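The values are calculated or read from the model by the stated rules, or taken from the named source; none is laboratory data. The structure presented is a predicted model; accordingly, all values stated were derived computationally and were not measured. Here the Cβ positions follow ideal geometry from the backbone for every residue, glycine too, while neighbour counts run over all protein chains shown.
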């Protein structure tokens, strides 16, 4: 069925599980690696405590377990209000007229990681499939129409999500930056304003790209 389902245990990530596992690392991204360890700054435990995001993991079902992969989820809203009208209309085509809104309930994949020892096994695809399954479970007490990820803007990461059914919310870097620029003009958020002051729109590049997956494609509900 898959490595994770056949060989691993699934659980909410806790300090006890981290301590039980052999040392693990995500050398490709030090920030993500730090997030899933104990005793580090602004890690999964801090987000759990503040109810800002819950982290989950798969670890091997063995006497001395190994951490295979981990991810964090939280509720969010997918906002269509900032989209250009043509893009917004295209997005809304899949929503019945009487249900169309300026934002829709969604689940945010905040952090996602396959640790180094298992990075060659295509576990990322299996993990995303299981996240999608969790999101549409009928036992969930809170509905979400979309999965959302703010993906690092490099070709390999973007291709990974595209290959797994995710789409860009904005059609291009430029469109996404223009949206942020318009928000910056109307807000007092200093960090956003500083970004555009230091980096003019014409030469700026998104560090991340907002992508989404429509969970209705998997739902069996009528």
### Query
Out of the residues in segment 139-157 that are over 26 Å from residue 43 (Cβ atoms) and touching a residue at least 12 places away in the same chain (Cβ under 8 Å), which is surrounded by the fewest Cβ atoms within 10 Å (Cβ to Cβ)?
143
### Query
Is there a residue being out of contact with any strand residue (DSSP E or B) (no Cβ under 6 Å at 6 or more places or on another chain), more than 29 Å from residue 37 (Cα to Cα) and either free of Cβ contacts under 8 Å to residues at least 60 places away in the same chain or not in a loop (DSSP other than H, G, I, E, B) (or both) anywhere in segment 109-131?
no
### Message
For segment 74-90, which positions are touching a residue at least 60 places away in the same chain (Cβ under 8 Å) and not in a loop (DSSP other than H, G, I, E, B)?
### Response
75, 76, 78, 87
### Message
Taking the conditions exactly as written (touching a helix residue (DSSP H, G or I) at 6+ places or on another chain (Cβ under 8 Å), more than 30 Å from residue 170 (Cα to Cα), at pLDDT 95 or above and surrounded by 12 or more Cβ atoms within 10 Å (Cβ to Cβ)), does residue 45 satisfy them or not?
### Response
yes
### Query
With respect to residue 164, is the statement that it is touching a helix residue (DSSP H, G or I) at 6+ places or on another chain (Cβ under 8 Å), surrounded by fewer than 19 Cβ atoms within 10 Å (Cβ to Cβ) and over 27 Å from residue 8 (Cα atoms) true?
no
